[in-house]
Amino acid sequence: MEGAATFTMTDSGERPFIDYQPERLSTEEALRRGSALYSRLDSRRSVRSFSPDPVPRELVDLAIKSAGTAPSGAHRQPWKFVVIGDPNTKHEIRQAAEAEERINYDGGRIGPQWRSALAQLKTDANKSFLDVVPWIVVLFEERFSYGEDGSEQHNYYVKESCGIAAGLFVAALHEMGLATLTHTPSPMVFLTKLLERPSNERPFVLFPVGYPSAHCQVPDLRRKSLEQISADFPLE
Ligand code: IYR
């Protein structure tokens, strides 16, 4: 099967329409595949304890390619995944993230209600995993794009688009046996300067990427049930 054509910034204007017929499955087969995917996704956990074991860059790139299949407002694809493997840069990110988090945790920027919501995760200002992981990937949202003539082009539903791309990225990493954390060191504007990003980009979420450490533990969290996360309309 052929993949979709690649988008370039020189693409513009009218686009032809092409036939699209995804494989029509029997209900039995759909249930089998849907259940298998749900089990895979349900086995994923956010990790804060990583192994320093190397991860081939190719795997990170594959996850980014999967993320880039996300739907986006007006198909603007308003995302940029910046990949950092350089130990010095990772350390600079750690230092800046921890400086912000110390203000959050020790300086009281996180209020009591937020603090108690986080208690079950046992998080604190220490972000040593940022030094340990082989890769840090920072997803930047593109608030606007540049047209062929350098003019600013408005992007649409940027947060929704990047949120979906982030979800696909997380799922793709998990599928390859890798772990991550949707980390948002707050505020994270420091990443724009540190990673020398242009002014149309804003940091959206930071992903440490690696294998879980040998002693990795995660809180025994429970997911909401189908009944809790869905509703019928009209009610019976
Ligand atoms: N950014 C902080 C605090 C934090 C906030 C939420 I919402 C979390 O789910 C986890 C942590 C930190 O990374 O520690």
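The values are calculated or read from the model by the stated rules, or taken from the named source; none is laboratory data. These numbers were taken from a predicted model, which means no experiment stands behind them. Side chains are part of the model used for accessible areas, which takes the heavy atoms of the whole protein and leaves out ligands, DNA and RNA. Shrake-Rupley method; radii C 1.70, N 1.55, O 1.52, S 1.80 Å.
Points to keep in mind about this one:
- Centre-to-centre, using Cα atoms only, region 153-222 and region 17-60 are separated by 17 Å.
- Over 24 Å (Cα to Cα) - which of K65/K224; K90/K193; K80/K122; K65/K122; K80/K159; K90/K224 fall in this group: K65/K224; K80/K122; K65/K122; K90/K224
- Relative contact order of the chain, defined on C-alpha pairs under 8 angstrom at six or more residues apart (%): 30
- A 1.4 Å probe run over region 190-236, with the rest of the protein chains in place, finds 77 Å² accessible per residue.
- Net lengthening on full extension, A214/T184 (0.36 nm per residue, minus Cα-Cα): 8.3 nm
- Accessible surface of the chain, 1.4 Å probe, proportion on carbon and sulfur as whole %: 54
- Between amide H atoms placed 1.01 Å from N, distances below 5 Å from V47 occur with T180, L181, all of them 5 or more places distant or on a separate chain.
- For W135, the amide hydrogen comes within under 5 Å of the amide hydrogens of V209, counting only partners 5 or more places away or on other chains and with H modelled in the peptide plane.
- For Q153, the residues 5 or more places off, or on other chains, whose built amide H falls under 5 Å of its own are S145, Y146, G147.
- Accessible area expressed per residue, region 25-148, with surrounding protein chains retained (probe 1.4 Å, Å²): 57
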